[in-house]
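For reference, the structure discussed in these notes is given below.
What follows is calculated from the coordinates using simple rules that are stated; it is not laboratory data. In this text the structure is predicted, and so the values were computed from the model without any measurement. For neighbour counting, all protein chains shown are included, and Cβ atoms are generated from backbone atoms with ideal geometry for every residue, glycine included.
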Amino acid sequence: MNRRAFLMSGAAVVLARPVFADAASIIRVLKTPTCGCCTAWVEHVRQAGFEVEAQDVDQDALYAFKDRMQIAPELAGCHTAVVGDYFIEGHVPASDIKRLLAEQPVARGLTVPGMPMSSPGMGGPGAGDAFDTLLVGSDGVTSVFASHS
C-alpha cells in the first residue's frame, strides 16, 4: 500500500515530500477544520521540531482515509497523520513519534485510541487519566509502546 497517496473526492491527492526536508521529520495530518484539539496536537508536534503539513477534510474523507490505512475503529482517534512509512493516529506524544522513527520497528504505526484528557492537545499532563500509546504491528496486533501518567 502506498501511504503517500490516497483518493479523496474522486481526485488523487499525493502527500509529496519537499526536496530538501528530512522526510522522517515531516508529519502530514488529516483533520476536520473545526477540531480544536487536533489543532492543539499539530502545535505540540511543531514545538517538538517536526514540520507539519495539515489538511482539513470533511469527516467522511477522514473516515475513508482511516479505512485505507486499515486503522480499526477501536484504535481510532480524531485525526490521522503519516510520518515516514508509519501512521500516527490520535493524540500520540511527539516523544513517542521520535522514538518510533529512531527505532524503526516493523509496524504500521502508533495510536492513542480515543481522546484521553491528559494526552497532547487534550489538556496535557495531569489533566486526566493515564494512557498508553500502542504500536500497531504489521499484522494489526497491538502492544504497549509507551505508558503515560
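Can you list residues whose amide H is under 5 Å from residue 53's amide H, if they're 5+ apart or on another chain and H is modeled 1.01 Å from N?
The answer is 27, 28, 29.
Could you work out how far apart the two model spin labels at residue 32 and residue 141 are, taking each label as a point 7 Å from the Cα in the direction of the beta carbon, and quote it in nm?
Going from the residue 32 label point to the residue 141 one covers 3.5 nm.
Output wanted: per-residue J couplings in Hz (rounded whole) for region 66-77, from phi through Karplus 6.51 cos²θ - 1.76 cosθ + 1.60, θ = phi - 60°, x for Gly and Pro.
Here the 3J(HN,Hα) series is 4, 4, 5, 7, 6, 8, 5, x, 6, 9, 6, x Hz.
Using modelled backbone amide H atoms (1.01 Å from N, in-plane), which distant-in-sequence or interchain residues come within less than 5 Å of residue 87's amide H?
Those qualifying (amide H under 5 Å, at least 5 residues apart or on another chain) are 109, 110.
By the gyration tensor of its Cα atoms, with a ≥ b ≥ c the square roots of the eigenvalues, what is the shape of region 69-118: rounded for a/c under 1.5, prolate for a/b over b/c, or oblate?
oblate
Take 117, 69, 122 and order them by how many other Cβ atoms sit within 10 Å, fewest up front.
117, 69, 122
I need the fraction of alpha carbon pairs in region 24-148 separated by more than 25 Å, rounded to a whole percent.
Beyond 25 Å sits 13 percent of the P(r) for region 24-148.
Against the globular-protein guess of 2.2 N^0.38 Å, express the Cα radius of gyration of region 37-101 as a ratio, rounded to two decimals.
Normalised Cα radius of gyration, region 37-101: 1.08.
So if we plug the beta-carbon distance of residue 59 and residue 104 into 1/(1 + (r/R0)^6) with R0 = 22 Å, what FRET efficiency do we get, rounded to 0.05?
For residue 59 and residue 104, the calculated efficiency is 0.10.
Using 7 Å Cα-to-Cβ label points, what is the residue 132/residue 72 separation (nm, one decimal)?
1.2
Check which residues have an amide H placed less than 5 Å from residue 79's amide H, if you skip close sequence neighbours.
90
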